[in-house]
Amino acid sequence: MNRKGIVAVLLVIALVAVGTIVVLGMNPSDEGEEGPVTVIDAAGRAVTTSEAPKRIVSCSPSLTEIVYALGIGDRLVAVTDYCDWPEDVVARKANGSLVSIGGYFTPSGEAVIAAEGDLILIDKGVQAQMDMVSQLEASEQRYIVLEKGTTFDEIYAAISMIGEICWAEEEAEALIDSMKGRLAAIEEALGDAEDIPSLVFAVWLDPVYLSGNGTFTQDVILHAQGENVYSNMTGWPEVSIESLLVQDPEYLLVSMMQLPTPGEEIISGLENDTMWAEVSAVRDGNVYIFTGQADNVFCRPGPRMVDAVELMAKILHPEVFDAALPHVIGNDYTDWVTSAPVGEAVTGSEVNNLALIGLIQARTDQVPLP
């Protein structure tokens, strides 16, 4: 073996010893490197892109937000009716550069195919989207299935997978690190909290539907150092007011896409109701209602989920953060978070109006809302 051969062998041995061999052409960190890239999606399928996707179709508002947070929102060509964040999404819908593929729970397979995307993002938590799979495969569409996002770890996995398959791996790593850093700062501040307040997180009040265990909201509650008095129940159960009186939570947090009346009137109605007024949260003035984009941060498992933790933490532990949040929080929620998310809030006319029946069905089936 000549001198060059010996050097080559020694170099390979050294690289193996420190675990740094890179297989070229498999997982590029940017568009300047050669592909292809292959990932195993949430459905156990191998999905490959030989170059960075240029025409992305998103079937979920949370996935749309992830794409924008990775800095590749300009690659989107089609989204759902409910995608409205960041503001650029609304503007592009208005000027026609973004088309709609239908609702979050009612996507049109024909519209998805007509968008001519080179990568389609599917939410595993929505059966209607999974039902499109056979139609997409028959049309030889490239799609990837992402976890529905009931925990922070699942969201990190979705961000990482989208970043990898879209050739934006470094951006995905930076986004995850940023989110983890914010969470760590919140948790460090909460290390000084004197107690862990009990709470109920409701998504409707008549009848009462609320968050139990095994939901994204439960993970938010844990990070915000709250105690969900219904953590012994799973999914989004219906409970009676009598049950609430027995559990008697210190806080009542309500996340409602479709407010039947203004939030202030809802709180006043609870305070003047004979039974509701007996619940400690109502009696002590600890009712908070999220609507518009504030509601979205609590029901879209994506980059803004840290905002949900921060809002809840400041409500439950005002003494720690020296904060006094309003009892009704909407599109202006960014005024009370330390790090503004990608984009800006849209105005009231753009807020989602998901029908109650769809909301109940989605929550009951443990599907994250858009």
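Checking each residue in the stretch 103-122 for being under 24 Å from Cys299 (Cβ atoms) and surrounded by fewer than 20 Cβ atoms within 10 Å (Cβ to Cβ) picks out Gly103, Thr106, Ser108, Ala111. Reported count of residues in the stretch 128-141, each being under 23 Å from Tyr82 (Cα atoms) and either loosely packed, with under 11 Cβ neighbours inside 10 Å or within 18 Å of the chain's Cα centre (by Cα) (or both), is 1. For Thr217, are the conditions met, namely being in contact (Cβ under 8 Å) with a residue 12 or more places away in the chain, among the polar types (S, T, N, Q) and in a loop (DSSP other than H, G, I, E, B)? Against the criterion (in contact (Cβ under 8 Å) with a residue 12 or more places away in the chain, among the polar types (S, T, N, Q) and in a loop (DSSP other than H, G, I, E, B)), Thr217 does not qualify. Candidates Gly125, Gly163: the one that is modelled with pLDDT under 95, surrounded by 15 or more Cβ atoms within 10 Å (Cβ to Cβ) and among the small types (Gly, Ala, Ser) is Gly125.
Of the residues making up the stretch 68-96, those that are over 16 Å from the mean Cα position of the chain (by Cα), in a loop (DSSP other than H, G, I, E, B) and touching a residue at least 12 places away in the same chain (Cβ under 8 Å) are Gly71, Ile72, Asp81. Taking the criterion of being under 22 Å from Asp307 (Cβ atoms) and modelled with pLDDT of 95 or more, the residues of the stretch 197-209 that qualify are Pro197, Leu199, Val200, Phe201, Ala202. Scanning the stretch 233-260 for residues that are farther than 22 Å from Ala308 by Cβ, within 26 Å of the chain's Cα centre (by Cα) and assigned to a loop (DSSP other than H, G, I, E, B) yields a count of 1. Would you confirm, using the coordinates I've provided, whether Asp118 is outside the structural domain of His223 (by TED's automatic domain parsing), under 21 Å from the mean Cα position of the chain (by Cα), of a type in the set (D, E, K, R) and within 20 Å of Tyr68 (Cα to Cα)? So Asp118 fails the test.
The values are calculated or read from the model by the stated rules, or taken from the named source; none is laboratory data. Being a predicted model, the structure only gives us computed values, none of them experimental. Neighbour counts are summed over all protein chains in view; Cβ atoms, including those assigned to glycine, are modelled from backbone coordinates with ideal geometry.
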